[in-house]
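The next block holds one structure in the form of structure tokens; read it before the comments.
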Amino acid sequence: MSLFKKQKKTFDNLPTHIAIIMDGNGRWAKKRSLPRSAGHAAGSKTFKSIARYANKIGLKYLTVYAFSTENWKRPKEEVDNIMNILRDYLLDTDSFKNENIMLRFIGDLTVLDEDIKELIKKAEKDSSEATGLRVNIALNYGGRDEIVHAVRRIVESGIKPEKITEDTISENLYTHDIPDPDFIIRPSGEYRLSNYLIWQSAYAEYWFSDILWPDFKPKHLDMAIEDYNNRNRRYGGI
Ligand code: FPP
């Protein structure tokens with residue numbers, strides 16, 4: 001083993017919750033004359049390595065956008081491919097469990113194939129005692145759709161309109177039991193939120209980069225967090 005074993009990176013101010021839009025898989029594949037499926041497979045590998053690294057540096061929450069409510073518009077072959085990557089991942093979550101990583105899913109899971117729903121249930125249950133990083137995978141997730149679901153639940157509860165507060169909304173979102181993201185990372189050169197955590201990100205900081213998701217490495221997460229460390233979050237104050 002090298003005498004110069006790499007030191008674990010420490011930060012003055014690690015965000016509590018980082019959310020990532022894993023974008024650029026298709027372009028990564030195209031650049032290599034590979035099918036889009038190869039880009040998603042590479043993106044899945046990057047997800048696993050970034051989650052492991054985030055756990056190592058002591059991050060508490062990581063939320064990744066795996067499939068949006070709009071992604072159903074893609075060709076069936078591509079949708080099936082992403083779902084199969086997810087299946088493969090869910091069949092092999094032991095390594096995450098061994099690393100003390102908790103796995104949770106957010107989104108409207110009701111429309112997913114039965115076997116995926118079962119695998120999700122099992123992965124969530126198997127990792128429910130983990131005390132390290134909590135990874136939330138956003139699947140069939142859309143921020144507006146999430147708010148519609150929340151409003152339906154609130155109306156069904158029979159609460160009086162004047163009793164509804166911002167907390168009432170937050171408590172009825174898929175993310176009701178986790179803090180809002182402090183920091184949102186979007187690689188691949190796009191500068192938009194794409195319906196991701198739109199309620200929760202009201203006061204988040206953002207980091208954009210041209211790196212395509214499959215090329216995103218721990219060092220890029222370090223760079224992003226270092227940048228976050230230089231931000232001055234005022235939450236509307238001075
Ligand atoms: C966006 O890139 C990526 C997606 C819509 C799918 C993301 C899915 C994965 C990374 C696999 C998830 C797997 C696990 C285990 C969480 P794009 O296809 O829009 O890329 P492009 O904009 O370059 O075409």
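The values are calculated or read from the model by the stated rules, or taken from the named source; none is laboratory data. All values derive from a computational prediction rather than experimental measurement. Cβ: placed from backbone, ideal geometry, glycine included. Neighbour counts: every protein chain shown. The area values use the complete protein model at the heavy-atom level, side chains included, leaving out ligands, DNA and RNA. Shrake-Rupley method; radii C 1.70, N 1.55, O 1.52, S 1.80 Å.
Of all residues being open to solvent by less than 70 Å² (accessible area, probe 1.4 Å) and within 9 Å of the ligand (Cβ to nearest atom) in region 82-100, which is farthest from K121 (Cα to Cα)? Just the residue, please. Ranking the qualifying residues of region 82-100, first place goes to I82.
Taking first residues from region 202-230 that are part of a loop (DSSP other than H, G, I, E, B) and partners that are of a type in the set (G, A, S), the Cβ contacts under 7 Å between residues at least 6 apart in sequence or on separate chains come to D210/G189; L212/G24; L212/S188. I198 - would you say it is under 30 Å from I57 (Cβ atoms), of a type in the set (V, I, T) and free of Cβ contacts under 8 Å to residues at least 60 places away in the same chain? For I198, the condition - under 30 Å from I57 (Cβ atoms), of a type in the set (V, I, T) and free of Cβ contacts under 8 Å to residues at least 60 places away in the same chain - is met. Taken across region 58-70, residues that are under 26 Å from A130 (Cα atoms) and surrounded by fewer than 18 Cβ atoms within 10 Å (Cβ to Cβ) do occur, with at least one present.
Output the number of the condition that T168 fails; it satisfies all remaining conditions of (1) surrounded by 17 or more Cβ atoms within 10 Å (Cβ to Cβ); (2) part of a helix (DSSP H, G or I). Just one mismatch for T168, condition (1). Among the residues making up region 18-50, those that are within 6 Å of the ligand (Cβ to nearest atom) and of a type outside the set (D, E, K, R) are M22, G24, N25, G26, H40, G43, S44, F47. Answer yes or no as to whether K125 is more than 18 Å from the chain's Cα centre (by Cα) and within 15 Å of the ligand (Cβ to nearest atom). Taking the combined requirement at face value, the residue does not satisfy it.
Looking at the structure I just gave you, is R192 of a type outside the set (D, E) and without any contact (Cβ under 8 Å) to a residue 12 or more places away in the chain? Spelling it out, R192 is indeed of a type outside the set (D, E) and without any contact (Cβ under 8 Å) to a residue 12 or more places away in the chain. Give me a count of the residues in region 179-208 that are surrounded by 17 or more Cβ atoms within 10 Å (Cβ to Cβ) and under 23 Å from T10 (Cβ atoms). The number of residues fulfilling the criteria is 8. Residues that are within 16 Å of the chain's Cα centre (by Cα), more than 14 Å from the ligand (Cβ to nearest atom) and part of a loop (DSSP other than H, G, I, E, B) within region 55-81 comprise L59, K60, listed in sequence order.
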